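Asks: I am attaching a structure below and will ask some questions about it afterwards.
The values are calculated or read from the model by the stated rules, or taken from the named source; none is laboratory data. Remember, it's a predicted structure, so these values are computed and weren't measured experimentally. Quick reminder, even Gly has a Cβ in these numbers, built from the backbone with ideal geometry, and neighbours come from all protein chains shown. Keep in mind that these areas ignore ligands, DNA and RNA; they rest on the heavy atoms of the full protein, side chains included. Shrake-Rupley method; radii C 1.70, N 1.55, O 1.52, S 1.80 Å.
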Amino acid sequence: MASCLLSLVFLLAISANGSFAFNLDSTKLGMATWSDARAVMEYQEFLASGKSEIEKRKDGPCAIVTTEEGETESEMAKAIFDMGMGDDIILISGQEAPPGLGNQAEYPIYITLPPTKLRDFLNDLPSSFKDRRDDFVFISGGLKYGNIEKVLKDTGYCRDAMTQFLATGFKTKPIIQDISTTLGSAENGEEKFAGECAACGKWAGAIEARLERNAIRCKAVFYREWRRMMWERNAYDAVFNLVGAVRVEPTTLLDVALYYDKEVSDMVWGISTELRGRKAITLTYGFEERMFAIGETTGSDKPCKLDDEMFPFMYEEFLGVPVINEYLSYSQDERWLLPNTTFLRQSGGGKPILIQGNLRADGAI
């Protein structure tokens with residue numbers, strides 16, 4: 001018994017300095033790979049904090065930063081405003097923030113700028129924003145916001161306490177409506193969902209309250225869980241759109257879910273391996289089921305597309321997955337997509353073999 005205890009202490013001691021991780025269950029806080037020094041530090045800080053519950057702030061008036069360059073970019077800003085209680089303000093990028101809203105000195109500041117403009121905004125903040133950095137709410141997910149983790153890391157905003165909002169669980173037109181889907185009950189009796197919104201950080205509780213008041217499912221979680229959900233959504237957006245976009249005929253996300261499951265599985269498992277090795281992230285059990293459920297329930301009216309401007313926020317972190325690299329190369333060489341994008345191609349990959357004998361190949365299911 002004593003030797004077993006000594007062995008356990010030894011393993012925990014090794015794990016503490018980041019050189020080895022003892023993982024009993026990859027769906028919990030442990031991780032199978034510790035190749036990311038920052039992930040090791042974040043995990044140790046989380047354990048040291050002793051926190052077991054989210055500190056939830058109430059929803060109240062907020063500021064919403066947007067651009068003035070068209071309806072598409074202000075769509076999220078309008079949705080956040082419409083879900084509020086009429087006391088929010090909308091700021092055009094560059095305008096100063098007020099010293100308070102209502103009777104509150106602190107208030108969330110939703111940054112709804114597209115990722116292509118986020119870095120410039122953060123590097124040249126209006127003076128009134130500089131003391132309010134902890135109140136920023138950053139938005140991720142989908143084809144419009146993608147994965148902004150690298151931008152936040154490069155500018156010093158990727159911290160546990162920073163509020164981040166995965167805003168993919170609702171649509172804004174023709175009305176604001178929840179689009180998450182249920183997967184039945186788990187073994188413990190709790191209902192399982194796919195595609196719901198999630199928030200972490202200082203204002204996570206306020207986001208959760210605002211969305212749930214509008215009948216939109218949202219989870220307020222710790223940063224580590226939110227990060228897994230964000231990367232899983234990034235994988236879905238990247239893979240399903242890539243698999244469908246290289247087809248000759250127009251293809252929707254629903255088509256991909258129904259007819260191209262083999263290609264999707266190859267890619268998402270490649271991403272899973274890549275994330276474990278490079279980012280110390282383990283996608284939780286059932287990620288394939290959740291991805292296909294999202295495609296099947298929300299993808300009928302969404303054509304697959306590749307966007308030059310969003311490439312860095314959608315595919316840059318997945319270029320090390322051979323099959324994804326091959327398909328991206330094929331999309332340029334054979335389908336003439338992404339004409340303004342340059343990326344490092346893997347040598348010797350060859351032309352991918354697209355799955356044939358389905359709806360898109362011969363017109364028959």
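Asks: Report ³J(HN,Hα) in whole Hz for each residue of the range 191-202, in order, from the Karplus equation J = 6.51 cos²θ - 1.76 cosθ + 1.60 where θ = phi - 60°; Gly and Pro get x.
Replies: Each residue's phi maps through the Karplus curve to give 6, 9, 10, 9, x, 7, 6, 8, 9, 9, x, 3 Hz.
Asks: Here's another thing I want to ask about it. What's the carbon and sulfur percent of the range 190-347's accessible surface, probe 1.4 angstrom, rounded to a whole number?
Replies: Using a 1.4 Å probe with all protein chains present, the range 190-347 comes out at 50 percent carbon and sulfur.
Asks: Continuing with this model, one more query. Report the Cα-based extents of the range 85-151 along its three principal axes, largest first, to the nearest Å.
Replies: 36, 27, 20
Asks: While we're looking at this one, here's another question. Expressed as a fraction of 2.2 N^0.38 Å, the rule-of-thumb size for a compact globular protein of N residues, what is the C-alpha radius of gyration of the range 229-301?
Replies: Values: Rg = 12.0 Å, N = 73, 2.2 N^0.38 = 11.2 Å.
Ratio of Rg to 2.2 N^0.38 Å for the range 229-301: 1.07.
Asks: When the chain is fully extended, how far beyond the present Cα-Cα distance does Met85 get from Lys171, taking 0.36 nm per residue of separation?
Replies: Length difference between fully extended and current span is 29.0 nm.
Asks: Would you pull out the residues with amide H under 5 Å of Thr252's amide H, same chain only if 5 or more places away, H placed 1.01 Å from N?
Replies: Placed amide hydrogens put Cys304 under 5 Å from Thr252.
Asks: Something else about it: How far apart, in nanometres, would the label points at Gln104 and Asp261 be if each is projected 7 angstrom from Cα along the Cα-to-Cβ direction?
Replies: Each label point is offset 7 Å from its Cα along the Cβ direction, giving 4.5 nm.
Asks: Quick check on my link table: of Lys117/Lys202; Lys173/Lys279; Lys150/Lys262, which ones sit more than 27 Å apart, alpha carbon to alpha carbon?
Replies: Lys173/Lys279; Lys150/Lys262
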